[in-house]
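Asker: Dumping the structure here so I can ask a few things about it.
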Amino acid sequence: MDTPDGPSRTGFPGTALRRLVLGAFACIAIVIVLLMGEAVLSAIGLSSDPHGYGAFAGILFSAVLTPVALALWLLYQSMRRRSN
């Protein structure tokens, strides 16, 4: 809540949006880790992927999701600085 003596803080909508952005970042980061794990397991032969599509898909999808995760992280940091 806003207090006359304290700093102005964002209300519930700003906090909820900031937490939503952080949650989306966390989910995308987990997906990137899982995809890279799949790519590594496929590359070293520990997965049952005879053609190597797992390694290709893991690297490709991780490369696509990395800029999205970076944008979400920068948005979260911007929102966090603005609220303080």
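Asker: Using only the alpha-carbon atoms, how far is helix 53-83 inclined from the longest principal axis of the chain? Give it as 0 to 90 degrees, nearest 10.
Answerer: The answer is roughly 10 degrees.
Asker: Another question, if that's okay. Identify which of the listed values of percent of Cα pairs over 18 Å apart was calculated from the structure shown: (1) 57; (2) 46; (3) 27.
Answerer: (1)
Readers should treat all values here as calculations from the given coordinates under stated rules, not as data from a laboratory. Bear in mind the structure is a predicted one, so any value in this text is a computation, not a measurement.
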